[in-house]
Structures are given as structure tokens and as C-alpha cells.
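Please read through the structure below; I'll follow up with questions.
The values are calculated or read from the model by the stated rules, or taken from the named source; none is laboratory data. Small disclaimer: the values here were computed from a predicted structure and weren't measured. Cβ atoms come from the backbone with ideal geometry, glycine included; neighbour counts cover every protein chain shown.
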Amino acid sequence: MGLRRWAPLALWAGAFGVGVLLMPIADALPFLTRANLVVFALHGIAAMGLTLVMGFAGQVSLGHAAFYGVGAYTTALLTAKVDWHPLLAMAAGAVIAAVLAALLGRIVFRLRGHFLAMATLAFGLVFYVVMRSWDSLTGGNQGTGGIPDFTLGPLRFDSDTSMYLLAWAVLLLGLIAARNLLSSRPGRALVAMGSSEVAAASVGIDVARTKMAVFALGAVYASVAGSLYAHYVTYVSPESFGLLPSLRFLVISTVGGIDSVWGAPLGSAVVVLLTEGTRELVPRFVSGATGSYEIVAYGLALVLVLLFLPRGLAGGAALLVRRAAEWAGTRRQPAPTAALEEVELR
Amino acid sequence: MSLLQVEDVTVEFGGLRALDGVSMGVDAGRVTALIGPNGAGKTTLLNVVSGVLRPGRGRVRFRGRDVTGWPQHRVAGLGVARTFQNLQLFGQMTVREHLLVGRYRLTRTSFLEAVLRLPRHFREEKEGREASDALLSRLGLADVADWPASALPYGRQRLVEVGRALASEPSLLLLDEPTAGLSGAEAEEVGRLLRRLAAEGLAVLLVEHHMDLVMSYSDWVVVLDHGVVIAQGPPEQVQSDPQVIEAYLGEEAA
């Protein structure tokens, strides 16, 4: 029990530690910048929300970046224009995102199959268009800037390093919240629903409402990450919340693995490296290459993972942890099957 | 009045009439068996009662309350639990977790209370653990409580489904072929369990193919054929009903 119980936290601490060590030299390393380390954590938080939605509501969302955008724009407008405290603005963004997600969920969860994905795609595009067109409020294509640093009492998060620490603290909170949830009544209802809706309903679980709730929860994760992002870059514009960012979250969650909330940070690391890698490498081989070549890398990573690690990186990591635990001899009972491995990593 | 009353229920799939004016009752403290040849509409009736299907015509009353067309989770919330013919277990969950999910309707912990680990979470987890441990021992599943249900042999997986249903402390239990794929001894075991549950006041509605089991463990038998109730009564009476014999012989001849 011991090793498997603590392995996830060790994983978090390890990744965090590596980040701290890398931070001073990040800009000198290939495929890495300080900013990437921060973005990695922020995307990990947002994608964790999508992992909950995909893993448990069984819903593919093509509009997750819109909720990231709700947080970013709410923070931008409330802190830069009307001088709200960052924490209050963040909370406001989370509430708005949750309400929007619940409303969207009400409509969307009546639909089935491709229509679901289409509806979220439409939502993402509508958000993008509204942000771009509502000049007086959002600054349109130019976006809106002047977002102050995030502050918490005497703490001011005004550097890459401090933002990195903040993002990782929030990531940890997100992981703990998800773990707490999953090992409780409502979380077990989510897992049950993700596995068999008819059986979940047969014990009294309101499937439609539970889906709405997890959709709203996923939106809150995205919104909080979006708020932090706004403080970090001090400027938001629509491009950060369009279709490509939504696809990126989808790739992060899938590559990381949707069975486990630990998948999102893992997937995020891979995607950050891929994005930066293609940005640096492609122009070296293709002269005059500009544009979003990372999408090709995303596609490739997605295919490879789905072929060789269908449960994502987290599924693969869970297997490693299990092997390590076996090796350390901490398993108390005879192994019934390999199916046990995932349970602990949730 | 019966705990469950089905009145004149008709269900059509396209042009096919799966149930045609079915009326029957299920009483507390009794095992009622629903039998009939394949395609007679037994599972369809269970689906109507548990809210999976809405009947085209007719009413379903539970404790005198009209629950026709109610969604599944609301019917379950009143204390109607069921199992499935094709097992519907929850992927990676352990046996104990299945029982904890079964207690959903009896518990209240919300998302927020769970995330923040507020007192209600701990209280309900403790109660749930105690209650499910007791039920696990009763079903002979205590030794595999922490196993993933999917790792168990088929017969015990069926028991996990029964356990999940019982964990919700229902007053009506609907069982869809609980002994399918079980050995004779295992099926006997299920039969004895059903007798004990009925003795405690539970109403059991059992869809079953195992004729020996039906004859020795049920109090009342309802026979469906082509969506119509062709006979009902105590087992020995139904057994000798010429219409019933014909329905079954007809199936074998076909």
C-alpha cells in the first residue's frame, strides 16, 4: 500500500523539483524556455478539467479553450479595468465558467454521438467570435492588456519563477481536489457513470445532472488556469482561446490518459515539448516555414499514443509504479489481475 | 394492494408488440417469478418497471404511486433496485466500491463536501463501509472485497451485481436471470438467498430460465408468452397449466 499510495505525490514532487532545477537554465536548453515551464503547469491544470469531463462524462469537448478564455477575460476585465482583487476576479471567472458549462451541458447532454462534439465546437467558436467582435468590452482582435500581477497578501507573483511556483501550487490543489472527489460518493458516481450509465441510473444516480456537474467542474479548472494565464502574460487576445488551443487541450488529455487525473500534467509536458520542438526544428529544415506546424506533431503524438499506450502516459506510468511496488514487495495480497493497477493512481 | 402494480402495460418496438396489455402485481415478502420463452417480453417488463422504458399504454404503480414514465434514477430513488441480464459492472471498481455506489440513494455527500473533506463525507464513508462489509459477508464476498470485480469468476460477478442492488436497501428487487451461467450449486445458493430476503420482507421479482429454481423458490409465477400473460398462480398450479406447457413445448419444437 505504502509505495502505491505515495507514488502519485512523489511523482508530483519529482516533476516539480525537476522544474525548479530547470528554471534558472531553461532558456539555455533546447526546446525549453522559462515561459514554457509556466505554460506547462497552466495547461496541465486546464487539461485536468477536460480529463474529468472526458473520462467520466464520456464527452469529447472541442471547446475547452473557451472556458480557459472565460477565466482569462474575466480576470483581465475585472482586474485591469475595475481594479478587483485577483483572487476575487478568479472566483468570478470560475462561477461564470461553471454557469456557462452547466447551461451548455443542459442542451448538449440531450444530444448523442457526433452532435455532442459539434455542439462544444460551436460553443468554442462562438466564444472566439464574440471575444473578437465585442470591441468595446474585449478590445477585439487587439485584445486587452494592463493586467496587474497576481498578489496574495504580501506575495507578488511577478517573475517566471514565482508564477511557476504559484501554478504548481494550484496544480497540486487541483490534483488533491480531484483525488478527494474520486474517492467519495459523488466521485464514485462519476466513475460509475463513465462505466455504465444504465447501471449508474439503476442505483439512483441522475446521469444528466451528474454530467452537467462534471462539465461545470471541468470548466472551473480551465477558468482558474485561464485567470493565472492572464496575470502571467498581462495581456489576452482571442487567438489564445480558439480552435487550436481547444485541440491542444484535447491532445494533452488524451496523450496523458483520461483514466487518471495525473494524465493531464504528463500530457502537458509532452505537448509543451512538441510545440517548442516543432517551432525550433521545422524552420531549420523547411526554409521560410511559418505557421502552426505543431498541429502535425500533435497529430503524430496522438496516433502513437493511441496505438501503443491506449490508456495514455498515465496508464503506462501506473504500470511502472505497480511493477515497482511488486519489486519492493509491498503488495499485501495476491494479484488477482492486472486490472488493479489503475485504482490507486486516481 | 400489491407493492408493485403493473396495469395494462403495452410496449411496441416499431411494429412489434413486445408487451400487450400486461397486468400483474408483486407483493412484499414474496418471490414472484416471471417466466416465458425467449422473446416473451420478460426483460422488457423489467425495463418498464425500472424506468428504462416508457410504456406506450398502461400504468406502473409503486406503493400506490404512479411512476409510469419516471426516469430510472427517480424510480431507483424510491427503493426499486435491479440487476442486469448482461452484467453491468463498473470497469475498474473493487467489489466494495460497487456496494458503496449502491448506497448512493441513501447518502448525501455533495461535490463540495467531498472535495473539502467535510464531516458528512467521513460519517457517510464510515457508515457505508460498515454496511457494505456486513453485506459482503452475507454474500460470501468478504474475501474479495478489495478485488476489482472484473477479476472475479463469472458467478461471483453476478453476486456483486446483486450486492450492488441490495446495498441500496430496496423494498423491491428486480433480478434479470441472476443464475444465468451459474453452476447448479451456485444457482441453489442464489435461490436460498432469495428466500431469506423475502422472509425479511423484501419483494422480489425474478426473471428466470432455470425451471427447477422457479418451482422450488418462488411463491407466485407469472407466465408471459408473446407479450401476453398466459397464466399466473402458485408454482404447482402453473406447472400443470396446459397453455404454459404448450408455450414451452412450442418453443422446443421450433
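How many of the residues making up the range B:198-229 are surrounded by fewer than 19 Cβ atoms within 10 Å (Cβ to Cβ) and hydrophobic (A, V, I, L, M, F, W, C)? Walk me through how you get there before you give the answer.
Initial filter on the range B:198-229 (surrounded by fewer than 19 Cβ atoms within 10 Å (Cβ to Cβ)): B:199-201, B:209, B:211-212, B:215-216, B:219, B:226, B:228.
Next cut, hydrophobic (A, V, I, L, M, F, W, C) only: B:199, B:211, B:215, B:228.
Here the count works out to 4.
Quick one: is A:Tyr229 out of contact with any Asp or Glu (no Cβ under 7 Å at 6 or more places or on another chain), aromatic (Phe, Trp, Tyr) and more than 19 Å from A:Ala97 (Cβ to Cβ)? It would help to see each step written out before you state the result.
Values: out of contact with any Asp or Glu (no Cβ under 7 Å at 6 or more places or on another chain): yes; aromatic (Phe, Trp, Tyr): yes; more than 19 Å from A:Ala97 (Cβ to Cβ): no.
No: the conditions fail for A:Tyr229.
From A:Ala119, A:Ala72, A:Ala80, A:Ala76, grab the single residue that is at pLDDT 95 or above and either part of a loop (DSSP other than H, G, I, E, B) or surrounded by 14 or more Cβ atoms within 10 Å (Cβ to Cβ) (or both). Show your work before the answer.
Details: A:Ala119 fails: at pLDDT 95 or above; A:Ala80 fails: at pLDDT 95 or above; A:Ala76 fails: at pLDDT 95 or above.
Checking each option against the conditions leaves just A:Ala72.
Give the range B:60-97 a look and list any residue that's more than 20 Å from A:Glu197 (Cα to Cα), touching a residue at least 12 places away in the same chain (Cβ under 8 Å) and of a type outside the set (Gly, Ala, Ser), or say none. Show your work before the answer.
Our first condition is that a residue be more than 20 Å from A:Glu197 (Cα to Cα); within the range B:60-97, this holds for B:60-68.
Pick out the ones that are also touching a residue at least 12 places away in the same chain (Cβ under 8 Å) and you get B:60-65, B:67-68.
Residues satisfying the conditions are B:Val60, B:Arg61, B:Phe62, B:Arg63, B:Arg65, B:Val67, B:Thr68.
Look at A:Thr138 and say whether it is surrounded by 15 or more Cβ atoms within 10 Å (Cβ to Cβ) and within 30 Å of A:Ala269 (Cβ to Cβ).
Values: surrounded by 15 or more Cβ atoms within 10 Å (Cβ to Cβ): yes; within 30 Å of A:Ala269 (Cβ to Cβ): no.
Considered against the rule, which asks whether it is surrounded by 15 or more Cβ atoms within 10 Å (Cβ to Cβ) and within 30 Å of A:Ala269 (Cβ to Cβ), A:Thr138 comes out as no.
Results for (1) in a helix (DSSP H, G or I); (2) out of contact with any Asp or Glu (no Cβ under 9 Å at 6 or more places or on another chain); (3) loosely packed, with under 14 Cβ neighbours inside 10 Å, shown as yes or no for each residue.
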site: B:Val101; (1), (2), (3): yes, yes, no
site: B:Glu130; (1), (2), (3): yes, yes, yes
site: B:Gly140; (1), (2), (3): no, no, yes
site: B:Ser150; (1), (2), (3): yes, yes, no
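Can you tell me which residue within the range B:83-96, out of those that are touching a strand residue (DSSP E or B) at 6+ places or on another chain (Cβ under 7 Å) and either more than 7 Å from chain A (Cβ to nearest Cβ) or among the β-branched types (Val, Ile, Thr) (or both), is farthest from B:Thr43 (Cα to Cα)?
Top of the filtered list is B:Thr94.
Something else now. Against the condition within 29 Å of A:Ala28 (Cα to Cα), away from chain B (no Cβ under 14 Å) and either at pLDDT below 80 or outside any helix (DSSP H, G or I) (or both), how does A:Pro283 come out, does it pass? Before the answer, list the steps.
Values: within 29 Å of A:Ala28 (Cα to Cα): yes; away from chain B (no Cβ under 14 Å): yes; either at pLDDT below 80 or outside any helix (DSSP H, G or I) (or both): yes.
Against the criterion (within 29 Å of A:Ala28 (Cα to Cα), away from chain B (no Cβ under 14 Å) and either at pLDDT below 80 or outside any helix (DSSP H, G or I) (or both)), A:Pro283 qualifies.
For a quick check of your reading: which helices (runs of 4 or more DSSP H) sit entirely within the range A:147-220 and have at least 1 residues that are charged (D, E, K, R), touching a Ser or Thr at 6+ places or on another chain (Cβ under 7 Å) and without any contact (Cβ under 8 Å) to a residue 24 or more places away in the chain?
Details: elements: A:160-182, A:185-195, A:197-202.
It comes to A:185-195.
Something else: Quick check on B:Val80: is it within 11 Å of chain A (Cβ to nearest Cβ), over 20 Å from B:Ala18 (Cα atoms) and under 16 Å from the mean Cα position of the chain (by Cα)? Reasoning before the result, please.
Details: within 11 Å of chain A (Cβ to nearest Cβ): yes; over 20 Å from B:Ala18 (Cα atoms): yes; under 16 Å from the mean Cα position of the chain (by Cα): yes.
The answer is yes for B:Val80.
Then there is this: Could you list, in sequence order, the residues of the range A:195-225 that are within 8 Å of another protein chain (Cβ to nearest Cβ) and over 26 Å from B:Leu172 (Cα atoms)? Outline the logic, then answer.
So in the range A:195-225, the residues within 8 Å of another protein chain (Cβ to nearest Cβ) come out as A:195-196, A:198-207, A:213, A:217.
Hits for the range A:195-225 are A:Ala213, A:Leu217.
When residues of the range B:1-22 are filtered for being under 19 Å from B:Val204 (Cβ atoms) and either surrounded by fewer than 16 Cβ atoms within 10 Å (Cβ to Cβ) or not assigned by TED's automatic domain parsing to the domain that holds B:Ala198 (or both), how many remain? Steps first, answer last, please.
At the first step, the residues of the range B:1-22 found to be under 19 Å from B:Val204 (Cβ atoms) are B:1-6, B:22.
Within this subset, residues satisfying the condition of being either surrounded by fewer than 16 Cβ atoms within 10 Å (Cβ to Cβ) or not assigned by TED's automatic domain parsing to the domain that holds B:Ala198 (or both) are B:1-6.
Qualifying residue count, the range B:1-22: 6.
Please state which of the following conditions A:Pro245 fails to meet, knowing it meets all the rest: (1) modelled with pLDDT of 90 or more; (2) of a type outside the set (A, V, I, L, M); (3) surrounded by fewer than 24 Cβ atoms within 10 Å (Cβ to Cβ); (4) over 30 Å from A:Ala28 (Cβ atoms).
Tallying (1) modelled with pLDDT of 90 or more; (2) of a type outside the set (A, V, I, L, M); (3) surrounded by fewer than 24 Cβ atoms within 10 Å (Cβ to Cβ); (4) over 30 Å from A:Ala28 (Cβ atoms), A:Pro245 fails exactly one: (4).
Looking at (1) surrounded by fewer than 23 Cβ atoms within 10 Å (Cβ to Cβ); (2) farther than 21 Å from A:Val60 by Cα, which one does A:Ser196 not meet, given that it meets all the others?
A:Ser196 satisfies every listed condition except (2).
When the residues of the range B:98-121 are narrowed to those that are at the interface with chain A (Cβ under 7 Å from one of its Cβ atoms) and touching a residue at least 12 places away in the same chain (Cβ under 8 Å), which ends up nearest to the chain's Cα centre (by Cα)? Break it down stepwise before answering.
Filtering the range B:98-121 for residues at the interface with chain A (Cβ under 7 Å from one of its Cβ atoms) gives B:100-102, B:104-105, B:107, B:109-111, B:114-115, B:117, B:121.
Still in the running and touching a residue at least 12 places away in the same chain (Cβ under 8 Å): B:100-102, B:104-105, B:107, B:109, B:121.
Details: B:Leu100: 18, B:Val101: 17, B:Gly102: 13, B:Tyr104: 17, B:Arg105: 17, B:Thr107: 21, B:Thr109: 26, B:His121: 29 Å.
So, considering only residues that are at the interface with chain A (Cβ under 7 Å from one of its Cβ atoms) and touching a residue at least 12 places away in the same chain (Cβ under 8 Å), the one nearest to the chain's Cα centre (by Cα) is B:Gly102.
Let me ask something else about it. Grab the helices (runs of 4 or more DSSP H) fully contained in the range B:162-254, keeping just those with 3 or more residues being touching a helix residue (DSSP H, G or I) at 6+ places or on another chain (Cβ under 8 Å) and either under 23 Å from B:Arg138 (Cα atoms) or in contact (Cβ under 8 Å) with a residue 40 or more places away in the chain (or both). I'd like the intermediate steps shown before the answer.
Values: elements: B:184-199, B:211-217, B:235-239, B:242-253.
The qualifying helices (runs of 4 or more DSSP H) are B:184-199, B:211-217.
A further question follows. Tell me which residues, restricted to the range A:105-124, are within 19 Å of the chain's Cα centre (by Cα) and of a type in the set (A, V, I, L, M, F, W, C).
Looking only at the range A:105-124, we keep the residues that are within 19 Å of the chain's Cα centre (by Cα), and these are A:105, A:117, A:120-121, A:123-124.
Answer for the range A:105-124, where residues must be within 19 Å of the chain's Cα centre (by Cα) and of a type in the set (A, V, I, L, M, F, W, C): A:Ala117, A:Leu121, A:Phe123.
Looking at the range A:1-20, I want the residues that are surrounded by fewer than 18 Cβ atoms within 10 Å (Cβ to Cβ) and have a partner that is at pLDDT below 75 and outside any helix (DSSP H, G or I) with Cβ atoms under 9 Å, at least 6 apart or on another chain. Which pairs are those?
Here the result reads A:Met1/A:Thr330; A:Met1/A:Arg331; A:Met1/A:Arg332; A:Gly2/A:Thr330, each pair linking the range A:1-20 to a residue that is at pLDDT below 75 and outside any helix (DSSP H, G or I).
So in the range B:135-171, with the set limited to residues that are more than 10 Å from chain A (Cβ to nearest Cβ) and among the basic types (Lys, Arg), which one is nearest to B:Asp212 (Cα to Cα)?
Only one residue fits best here, namely B:Arg158.
Just a yes or no: is a residue in the range B:172-180 surrounded by 15 or more Cβ atoms within 10 Å (Cβ to Cβ), more than 14 Å from every other protein chain (Cβ to nearest Cβ), hydrophobic (A, V, I, L, M, F, W, C) and more than 20 Å from B:Ala131 (Cα to Cα)? Let's see the steps before the verdict.
Applying the first criterion (surrounded by 15 or more Cβ atoms within 10 Å (Cβ to Cβ)) to the range B:172-180 yields B:172-180.
Now drop any that are not more than 14 Å from every other protein chain (Cβ to nearest Cβ), which leaves B:177-180.
Checking the rest, the ones that are also hydrophobic (A, V, I, L, M, F, W, C) come to B:180.
Add one more test, that the residue is more than 20 Å from B:Ala131 (Cα to Cα), and what stays is B:180.
Yes.
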